[in-house]
1. Cβ-Cβ under 8 Å, sequence separation 6+ or interchain: first residue in region 83-102 and part of a helix (DSSP H, G or I), partner surrounded by 15 or more Cβ atoms within 10 Å (Cβ to Cβ) and of a type in the set (S, T, N, Q). Which pairs?
2. Of everything in region 45-75, what is without any contact (Cβ under 8 Å) to a residue 60 or more places away in the chain and either buried (at least 24 other Cβ atoms within 10 Å of the Cβ) or within 22 Å of residue 100 (Cα to Cα) (or both)? Give them in sequence order.
3. Looking at residue 101, is it at pLDDT below 90, surrounded by fewer than 18 Cβ atoms within 10 Å (Cβ to Cβ) and within 16 Å of the chain's Cα centre (by Cα)?
4. Does residue 111 count as of a type in the set (S, T, N, Q) and either at pLDDT below 90 or in contact with a strand residue (DSSP E or B) (Cβ under 7 Å, 6 or more places away or on another chain) (or both)?
5. Considering (1) modelled with pLDDT of 90 or more; (2) part of a helix (DSSP H, G or I), say which one residue 37 fails and leave the rest.
Amino acid sequence: KSVPHENTFAVFENSDKQQVLRLQHRLLSLRHAAKCPHDGGQCPVTHHCAGMKRLWKHMAVCKDQKCLVPYCISSRSVLSHYRRCKDARCRLCGPVRETIHRSRETTKHKQAIQQQNMQTQALKKNNATPTPALDPSAQEAHLQITTLAQAPVSAASALAQQPPQPQQHQLLIQSQPQPQLQTQLHQHP
């Protein structure tokens, strides 16, 4: 049974640190899976990606309050809280939003350097006027994913070093993120 949003903050405040870290890791892993272009366990960033992609796809269509798919109910609950949470002090959402913000800033910085390098190479090659900056949107998602996976998470960084949960390998559903859930996770900057 999911907890109404008004009481969710209190639940997270009273949760032990390890539980909050696991939920933060789940949010970040789901975000990664929603954006990752790699399929079939080929993700170079995290070995959790394929399982999270299957969970993400399942969650897009699952409405069962007694769903037996591992992590479905708890992931839907934490995602619902994240979407609605406005409290900057929230132990769950604050560090996740901070990590996502740092990831975006790092991505912007990498893109600026990449554009500058491409322009410099074009100038050297053509020995002419600068070419217009290329739109790196095709590379943006991969850079964000890589940055997100490598960025230190104030409260969740310790979790990244833990071994995978065995239940993740029991998911029996297809991969590919659904736009409906992507919108839910990305509503907050």
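1. Hits for this filter: 83/184; 95/24; 96/24; 102/147.
2. Filtering region 45-75 down to residues without any contact (Cβ under 8 Å) to a residue 60 or more places away in the chain leaves 49, 62-64, 66-68, 72, 74-75.
49, 74, 75, listed by residue number.
3. On the way: at pLDDT below 90: no; surrounded by fewer than 18 Cβ atoms within 10 Å (Cβ to Cβ): yes; within 16 Å of the chain's Cα centre (by Cα): yes.
Judged against the criteria, residue 101 is not a match.
4. Details: of a type in the set (S, T, N, Q): yes; either at pLDDT below 90 or in contact with a strand residue (DSSP E or B) (Cβ under 7 Å, 6 or more places away or on another chain) (or both): no.
So residue 111 fails the test.
5. So the condition that residue 37 fails would be (2).
The values are calculated or read from the model by the stated rules, or taken from the named source; none is laboratory data. What you see is a predicted model, and the numbers here were worked out from it, not measured in a lab. Glycine gets a Cβ as well: all are built from the backbone with ideal geometry, and neighbour counts include every protein chain shown.
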